[in-house]
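The values are calculated or read from the model by the stated rules, or taken from the named source; none is laboratory data. As the structure is a prediction and not an experimental result, all values here were calculated from the model. Here the Cβ positions follow ideal geometry from the backbone for every residue, glycine too, while neighbour counts run over all protein chains shown. The protein model used for the area step is the full one, side chains on, heavy atoms only, and it has no ligands, DNA or RNA in it. Shrake-Rupley method; radii C 1.70, N 1.55, O 1.52, S 1.80 Å.
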Amino acid sequence: MAAFVLRRLLIALPTLFVIVTLAFFMMRIAPGGPFDGERALPPEIEANLKAAYNLDAPLPEQYLRYLGGLLRGDFGPSFKTKDFTVAELILTGLPVSMKVGAGALVLALFFGVLLGTIGALRQNSAIDHSVMSLAIIGITIPTFVTAPVLSLVFGVYLGWLPAGGWHEGSLGALILPWIVLSLPLIAIISRLTRTGMIEALRSNFVRTARAKGLPEPVVVIRHALPAAITPLVSYLGPAAAGLLTGSLIVEKIFALPGIGRYFVDGALARDYTLVLGVVVVFATAIVVLNLIADILYGLLDPRVRYS
Amino acid sequence: MSTLETPGGGRGRLIEEAARVRGRSLWDDARARLLANKAALSSLIVLGIIAILALFAPLLSPYGYDEVMFDRITIPPDFSRAHWFGTDGLGRDLFVRTLHGARVSLAVGVVATLVSLVIGVAYGATAGFIGGRVDELMMRVVDVLYALPFIFFVIILVVIFGKNFILLFVAIGAVEWLTMARIVRGQTISLKEREFIEAARASGVGTFAIIRTHILPNLLGPVVVYVTLTIPQVILAESFLSFLGLGIQEPLTSWGVLISEGAINMETAPWMLAFPAAFMAITLFCFNFIGDGLRDAIDPKTR
């Protein structure tokens, strides 16, 4: 077990390294720089600026310096948001993004498993079909349609919830982003659960549980459900990636001060360090979640060997 | 040969009977099952209608997709003036723009998926066929790329290459090939070891014939299913980028661009959001049903 975790970590670190390297050089191939504006800067000033941010050094040297900084936890200064380091920007945004993402994940797991189980228990009934149609709707209606529509209906017309903004992280401000982010995940999780549940309900151990006279709810919840949702664990990594992608849209539409919006704005403004910083944070999150998923999978399914 | 002789009617009748029985290949079966699937069949029809509408868009309305009419700004659906979906903030006919958006979105979906298909099949088949160290290394690369949320990759690519229409196809396709590579590799490896391949080889079938008659049909099933599921993902990805202002540029349009404009004007002109969003949702809906139907049809075990 320990050896397995160690080996996965040994794979995870090079993965992060490659991601940082790719992102670093891809950003630099892009034409333009952080100091391009409406008016061209006088060459002397531009040279000074570049020297101040160490952009005049050869690219390999800049790269090594950046890596060295990362190892010490130094993400460098932001080129565009003056007087802020990237670490400071990320530290202010990350709690917001995490609160939004974690809430959406919990919501998605709860409703996804619930709907999927209901669908499987009433397989091919009207309830099953409507649940699965809802699931497909969840996949096909993109976040950037549901977000403004819900914001308009509940925020403006009904006035039940704030239409946008952070409001110091109050519950009301979080509900709509949670719902919007979790809808596509609910769709996928409910489909996965339904498939797993149908398979589990047909298996021998469920027949045994029924044969020995256990009431149906116990059979479903205690015996079938754990087997049915085990495959969900390996969906954790992709789910996290989906949440991060969705956060770009949701943070923009609901005007939330998370780190998703830094990415697009930063890439457009050639704020190299900020973009790289966000990539590092996101990639770390995904790598860590994949690792947790692998470990959990082994704990839940004893047939999986840590090799 | 002589074993075909049977007491009652003899060889001639057997051959005659065999000629009357129409052989059914794997694909005939699959097609029959697909056409029997009502959801998939109606999805195919609806998708066909949307594609035809998109193709003949210029013939269906008197207006051009970039024709600005300042006396007709943001009017709701109006049948008397042939603005069936209303107009947008620049007085452009939304019906024509939605169908032109369909052209772009469908084209991006198909072309980018083809790019991902070519890269993914070549990469996955190579890794699966060579095996060993090479396979391990190649798949490790895929694992690494998987860990990067793909949309970030595309955003960086778009920033590098500029907001270029064709490069957008390639960029999305170049990122979407990962799952395809995994599927193809897995299939190739499992097929290589299967008994029927061994049997074919033992009975003297040539390598090329084995690939053509045994490996390819088995590879094709999962690939076709995944292609139909990739197209909607790509359409979503494109609209996502366009929504962020990184995709298709004016006056060209796509569903993403139209939805983005519609979301801004949602309160005053709800039709600007409703029509493009409905078209896109219906299209994605259809692709998903067709993909599910294909999977059931090609591999009935998974039902």
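Taken over region B:246-273, the residue count meeting the criterion of being surrounded by 24 or more Cβ atoms within 10 Å (Cβ to Cβ) and acidic (Asp, Glu) is 0.
Exactly one residue out of A:83, A:56 is touching a Lys or Arg at 6+ places or on another chain (Cβ under 6 Å) and not β-branched (Val, Ile, Thr): that is A:56.
Annotation: residue A:271 fulfils all but one of (1) touching a Phe, Trp or Tyr at 6+ places or on another chain (Cβ under 9 Å); (2) under 15 Å from residue A:94 (Cα atoms); the unmet one is (2). Filtered by the rule that a residue be assigned to a loop (DSSP other than H, G, I, E, B) and either open to solvent by less than 30 Å² (accessible area, probe 1.4 Å) or among the charged types (D, E, K, R) (or both), region A:230-268 gives A:254, A:256, A:258, A:259.
Taking (1) in contact (Cβ under 8 Å) with a residue 12 or more places away in the chain; (2) aromatic (Phe, Trp, Tyr); (3) over 22 Å from residue A:283 (Cα atoms) in turn, residue A:110 satisfies each apart from (1).
Residue under question is residue A:244, and the condition is that it be under 15 Å from residue A:147 (Cβ atoms), among the aliphatic types (A, V, I, L, M) and within 16 Å of the chain's Cα centre (by Cα); does it hold? Even if it seems obvious, please write down each step before you answer.
On the way: under 15 Å from residue A:147 (Cβ atoms): no; among the aliphatic types (A, V, I, L, M): yes; within 16 Å of the chain's Cα centre (by Cα): yes.
No: the conditions fail for residue A:244.
Are any of the residues in region A:290-306 out of contact with any Gly (no Cβ under 6 Å at 6 or more places or on another chain) and within 9 Å of chain B (Cβ to nearest Cβ)? Checking region A:290-306: not a single residue is out of contact with any Gly (no Cβ under 6 Å at 6 or more places or on another chain) and within 9 Å of chain B (Cβ to nearest Cβ).
Considering (1) open to solvent by 10 Å² or more (accessible area, probe 1.4 Å); (2) within 10 Å of chain B (Cβ to nearest Cβ), the lone condition that residue A:272 does not fulfil carries the number (2).
Of the residues in region A:95-119, how many are small (Gly, Ala, Ser), out of contact with any Asp or Glu (no Cβ under 8 Å at 6 or more places or on another chain) and crowded, with 21+ Cβ neighbours inside 10 Å?
Initial filter on region A:95-119 (small (Gly, Ala, Ser)): A:97, A:101-104, A:108, A:112, A:116, A:119.
Narrowing further to those that are out of contact with any Asp or Glu (no Cβ under 8 Å at 6 or more places or on another chain): A:101-104, A:108, A:112, A:116.
Still in the list and also crowded, with 21+ Cβ neighbours inside 10 Å: A:101, A:104, A:108, A:112, A:116.
Count: 5.
Matching residues to (1) part of a helix (DSSP H, G or I); (2) surrounded by fewer than 21 Cβ atoms within 10 Å (Cβ to Cβ); (3) in contact with a Leu (Cβ under 8 Å, 6 or more places away or on another chain):
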residue: B:100; (1), (2), (3): yes, no, yes
residue: B:124; (1), (2), (3): yes, no, no
residue: B:129; (1), (2), (3): yes, yes, no
residue: B:135; (1), (2), (3): yes, yes, no
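Annotation for region A:36-44: at least one member residue is under 27 Å from residue A:257 (Cα atoms), within 14 Å of chain B (Cβ to nearest Cβ) and in a loop (DSSP other than H, G, I, E, B).
Kindly indicate whether residue B:261 is at pLDDT below 80, of a type outside the set (A, V, I, L, M) and under 30 Å from residue B:75 (Cβ atoms). Against the criterion (at pLDDT below 80, of a type outside the set (A, V, I, L, M) and under 30 Å from residue B:75 (Cβ atoms)), residue B:261 does not qualify.
Within region A:233-246, the set of residues being more than 10 Å from chain B (Cβ to nearest Cβ) and not hydrophobic (A, V, I, L, M, F, W, C) comprises A:234, A:235.
Of the residues B:33, B:72, B:92, the single one that is touching an Asp or Glu at 6+ places or on another chain (Cβ under 9 Å) and closer than 30 Å to residue B:297 by Cα is B:33.
Within region A:121-137, the set of residues being open to solvent by less than 50 Å² (accessible area, probe 1.4 Å) and more than 11 Å from every other protein chain (Cβ to nearest Cβ) comprises A:125, A:128, A:131.
Only a single criterion out of (1) under 20 Å from residue A:248 (Cβ atoms); (2) touching a Gly at 6+ places or on another chain (Cβ under 8 Å); (3) polar (S, T, N, Q) is not satisfied by residue A:146, namely (2). Of the set (1) over 24 Å from residue A:288 (Cα atoms); (2) modelled with pLDDT under 85; (3) open to solvent by less than 40 Å² (accessible area, probe 1.4 Å); (4) within 14 Å of chain B (Cβ to nearest Cβ), all apply to residue A:196 but (2). Figure legend. Inter-residue proximity from region A:13-30: first residues within 7 Å of another protein chain (Cβ to nearest Cβ), second residues of a type in the set (Ser, Thr, Tyr) and in a helix (DSSP H, G or I), beta-carbon distance below 7 Å, spacing 6+ or different chains. Indicated pairs: A:27/A:272. Is at least one residue of region B:106-113 farther than 30 Å from residue A:280 by Cβ, modelled with pLDDT of 75 or more, surrounded by 18 or more Cβ atoms within 10 Å (Cβ to Cβ) and over 29 Å from the mean Cα position of the chain (by Cα)? Within region B:106-113 (the criterion being farther than 30 Å from residue A:280 by Cβ, modelled with pLDDT of 75 or more, surrounded by 18 or more Cβ atoms within 10 Å (Cβ to Cβ) and over 29 Å from the mean Cα position of the chain (by Cα)), the answer is no, since none of the residues qualifies.
I need the full set of residues from region B:43-63 which are assigned to a helix (DSSP H, G or I), at pLDDT 80 or above, open to solvent by 60 Å² or more (accessible area, probe 1.4 Å) and not aliphatic (A, V, I, L, M), in order please. Selection gives nothing. In summary, helices (runs of 4 or more DSSP H) completely within region B:183-291 and bearing 1 or more residues that are under 29 Å from residue A:137 (Cα atoms) and within 11 Å of chain A (Cβ to nearest Cβ) occur at B:216-243, B:255-264.
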